[in-house]
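Notes to accompany the following structure.
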Amino acid sequence: MNSPTRTNNYPPARDDEARHSARRAAILGALQACILRNGYSDTSLSDIAAQAGMSPSHIFYYFKGKREIINQCFHIVSEQRLRAMRASLLEAPNKQLAQFSAVILADDEVGRRESAFMVECDGLAAHNAALRVRKTAYDQQVKSILEQILRSSFGDKKVRAGPEEKNLLAVCYALLVGLCVSTHFSDAQDHAGARAKFSAAVCTLSGTLVERY
């Protein structure tokens, strides 16, 4: 007589993976929420755990500590934003700048939260070597995308390779970073207004008119 086939109640491996990914995502989202509410220094693992709906000890199953959480969170957010920025290069030349800045200074709740998170990471990178490396690489890629947009939008006669182009790129990027900081710390500056200022300033600096917001 054949022995009956044994079964178990363990969930399939893919369910475990999905649960693991969901909990990691919850922790990453909780970190963002806590940092924006309390700041990084005043955010504890207990705060993150409470926000994510789990115990502090449970977090160590997914991450080594707070620093690893923020490094991973920055990696995910920065990659998502870079993909969206690269997509702006597929738009018509007179639409690229608007699409690009709409990624950096988004109006929706998720976009605004991510923009604020990235501003917070600017300061944290000074004392976090791994984050600083990732942020430097991110900044370089954003500048590269912006450089392509300036060339496409304004033409080689206005934005040509050389010192003038590099100076224009540096000033435009510095302005963009400054506007991101302003929208984060000042209630008087909203994202739509910041995008309009960025567009107008780039047009003035380049000496070329492009479609405004």
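When you go through (1) touching a Pro at 6+ places or on another chain (Cβ under 9 Å); (2) crowded, with 17+ Cβ neighbours inside 10 Å one by one for A50, which number turns out not to apply?
Among (1) touching a Pro at 6+ places or on another chain (Cβ under 9 Å); (2) crowded, with 17+ Cβ neighbours inside 10 Å, the lone unmet condition for A50 is (2).
Working only within the stretch 95-111, note down all residues that are surrounded by 14 or more Cβ atoms within 10 Å (Cβ to Cβ) and at pLDDT below 90.
G111
Of the numbered conditions (1) closer than 24 Å to A200 by Cβ; (2) outside the structural domain of S199 (by TED's automatic domain parsing); (3) small (G, A, S), S41 satisfies every one except a single condition; which is it?
(1)
Please list, ordered by first then second residue, the pairs with beta carbon atoms under 6 Å, 6 or more apart or interchain, first in the stretch 99-121 and within 16 Å of A87 (Cβ to Cβ), second outside any helix (DSSP H, G or I) and not small (G, A, S).
Partner pairs satisfying both residue conditions: Q99/E91.
Return only the number of the condition from (1) touching a Cys at 6+ places or on another chain (Cβ under 6 Å); (2) buried (at least 19 other Cβ atoms within 10 Å of the Cβ) that C121 does not satisfy.
Just one mismatch for C121, condition (1).
Name the residues in the stretch 155-185 that are at pLDDT 85 or above and either outside any helix (DSSP H, G or I) or over 21 Å from L36 (Cα atoms) (or both), would you?
Once the filter is applied, which keeps residues that are at pLDDT 85 or above and either outside any helix (DSSP H, G or I) or over 21 Å from L36 (Cα atoms) (or both), the stretch 155-185 yields L169, A170, V171, C172, Y173, A174, L175.
Filter the stretch 53-72 down to residues that are over 18 Å from C121 (Cβ atoms) and surrounded by 17 or more Cβ atoms within 10 Å (Cβ to Cβ), then give me how many there are.
3
State which residue pairs qualify: first residue surrounded by 14 or more Cβ atoms within 10 Å (Cβ to Cβ) and inside the stretch 11-40, second residue polar (S, T, N, Q) in any location, beta carbons under 7 Å apart, and separation of 6 or more residues or different chains.
Close Cβ pairs satisfying both conditions: L28/Q72; A30/Q51; A33/Q51; C34/T43; C34/Q51; I35/T43.
The values are calculated or read from the model by the stated rules, or taken from the named source; none is laboratory data. Being a predicted model, the structure only gives us computed values, none of them experimental. All Cβ positions, glycine included, derive from the backbone under ideal geometry; neighbour counts span all protein chains shown.
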